[in-house]
Amino acid sequence: MAAPSFNGRIKPATKRARAQGQGDLPRLGLHPEIPGACTTPRCGDAADGQDETALPAGWIRVGVQGSTDPDRVWCSGLCATWGIARAELRVPAAARR
Ligand SMILES: [Zn+2]
């Protein structure tokens with residue numbers, strides 16, 4: 001058998017695509033809640049004064065510099081993105097200079 005050449009045809013590593021959800025990586029579903037209406041306990045709570053080590057893995061702490069909104073913890077990236085937008089709206093105009 002000849003060694004594979006540099007210009008030889010590349011053989012696919014797998015013969016067929018894996019079925020959705022059966023690969024090696026976990027498949028995360030879409031967040032079930034509408035941003036801003038999440039019902040996950042503690043999602044959106046002020047971060048200061050919380051034991052952040054007690055939060056489940058994957059939670060996100062978000063704060064916007066100069067915002068009157070405190071740093072908050074969010075259950076997902078979708079909720080955190082909504083929280084960033086909300087905190088950005090609460091930056092006083094004088095702080096933007
Ligand atoms: Zn949430």
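Read the figures in this text as sums done on the coordinates, not as results from a lab. Only a predicted model underlies this, so the values are computations on that prediction, with no experimental measurement involved. All Cβ positions, even for glycine, are placed from backbone atoms using ideal geometry, and neighbour counts span all protein chains on display.
Structure values in brief
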item: Contour minus Cα-Cα distance for Ile34 and Arg61 (0.36 nm per residue); result: 7.8 nm
item: Shape call, the stretch 33-92: gyration tensor on alpha carbons, a/c limit 1.5; result: oblate
item: Gain on full stretching of the segment that runs from Arg42 to Asp71 - 0.36 nm per residue minus C-alpha separation; result: 9.1 nm
item: Cα-projected label distance for Asn7 with Ala85, points at 7 Å along beta-carbon direction, nm; result: 5.3
